[in-house]
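The values are calculated or read from the model by the stated rules, or taken from the named source; none is laboratory data. As the structure is a computational prediction, the values presented were derived from the model and not from experiment. With ideal geometry, Cβ positions are generated from the backbone for all residues, glycine too; neighbour counts draw on all protein chains shown.
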Amino acid sequence: MPILTRSDISTRIEKGDIKFSPEIDRFQLQPHAVDLRLGYKFLIPRNWAQDEKGRMAITVSIDDVVMHKEQFDEVTLTPGQYFEILPNEFVIATSLERIEMNAPDLMAILFPRTSTNRRGINLSLSGIIDCGYKGTLIFPMKNEAGNQVLRVYPGERICQVIFQPLSQSLTAEEANLHGAQAAKYTEAVNGQYKLDKDEEREALVAGKLNELKERFKI
């Protein structure tokens with residue numbers, strides 16, 4: 001199946017087939033993909049709990065995050081703050097953008113950016129964004145840079161989405177049917193690496209994401 005190019009994506013956004021909130025900017029629109037920015041919320045899994053039986057390990061799969069939020073410590077940052085991922089630490093991050101897949105003939109696939117992986121952040125995902133999906137995205141992040149602490153800033157581009165047309169349109173009921181049942185959620189130190197555009201990076205570090213987006217809006 002073909003992949004939508006920059007002009008196709010722009011047309012679909014104009015038609016309302018794809019919607020981002022906040023709207024994407026020129027840094028994000030690629031020749032055949034859209035980069036998503038890192039959100040302000042992080043979930044850190046708790047690995048143990050104590051009950052009447054004693055200390056027990058907690059094991060929660062990614063799909064159970066919404067159902068078992070009490071088993072995570074939530075960190076919500078404000079503009080200008082950063083998040084440091086400790087060596088070998090695993091956290092769950094969220095996208096800045098809320099995405100709406102409003103077209104009945106369109107799906108999307110989520111991939112990590114290669115620049116993210118080169119920093120030592122394991123974003124080993126390739127997830128499907130279903131036709132009809134509306135909500136933010138959550139994804140696992142793990143620090144695999146040895147003994148280094150990795151610092152990330154909300155608003156930096158972290159992963160990318162490609163869009164593919166379906167062979168035929170789906171009804172809302174068909175789009176919501178996953179297997180035999182409805183979809184679970186509807187909302188859902190040594191290495192030197194090249195950073196994103198300096199102007200963008202400086203704005204992110206200074207907590208001026210809104211000014212950045214206003215200046216570079218499409």
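Structure data summary
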item: Residue, farthest from K15 (Cα to Cα), within segment 113-136, restricted to residues that are of a type in the set (K, R) and surrounded by fewer than 16 Cβ atoms within 10 Å (Cβ to Cβ); result: R118
item: Tally of residues being closer than 14 Å to E156 by Cα and crowded, with 17+ Cβ neighbours inside 10 Å across segment 10-26; result: 2
item: Inter-residue pairs, beta-carbon under 6 Å, first closer than 16 Å to L96 by Cα and in segment 13-28, second of a type in the set (D, E) and surrounded by 12 or more Cβ atoms within 10 Å (Cβ to Cβ), 6+ apart; result: K19/E100; F20/E97; F27/E200; Q28/D35
item: Filter result for M141 (outside any loop (DSSP other than H, G, I, E, B), over 12 Å from the mean Cα position of the chain (by Cα) and surrounded by 18 or more Cβ atoms within 10 Å (Cβ to Cβ)); result: no
item: Any chance D8 is of a type in the set (D, E) and part of a strand (DSSP E or B); result: no
item: Conditions (1) within 15 Å of R37 (Cα to Cα); (2) in contact with a Ser or Thr (Cβ under 6 Å, 6 or more places away or on another chain); (3) not aliphatic (A, V, I, L, M); number of the one not met by P104; result: (1)
item: Set L86, L36, L110: member being crowded, with 17+ Cβ neighbours inside 10 Å, within 15 Å of M141 (Cα to Cα), modelled with pLDDT of 95 or more and not aromatic (F, W, Y); result: L36
item: Residues of segment 113-138 satisfying the condition of being at pLDDT below 90, closer than 15 Å to R37 by Cα and assigned to a strand (DSSP E or B); result: I138
item: Any hit, segment 46-57, residues being surrounded by fewer than 17 Cβ atoms within 10 Å (Cβ to Cβ), at pLDDT below 90 and within 19 Å of the chain's Cα centre (by Cα); result: no
item: Total residues in segment 109-138, condition touching a Phe, Trp or Tyr at 6+ places or on another chain (Cβ under 6 Å) and among the hydroxyl-bearing types (S, T, Y); result: 1
item: Pairs, first in a strand (DSSP E or B) in segment 79-97, second surrounded by fewer than 13 Cβ atoms within 10 Å (Cβ to Cβ) and at pLDDT 95 or above, C-beta under 9 Å, six or more apart; result: F83/R151; E84/V149; E84/R151; I85/V149; I85/R151
item: Which listed residue is modelled with pLDDT under 90 and surrounded by 15 or more Cβ atoms within 10 Å (Cβ to Cβ), from V66, V91, V60; result: V60
item: Selection from segment 180-218 of residues that are at pLDDT below 55, under 22 Å from I121 (Cβ atoms) and basic (K, R); result: K194
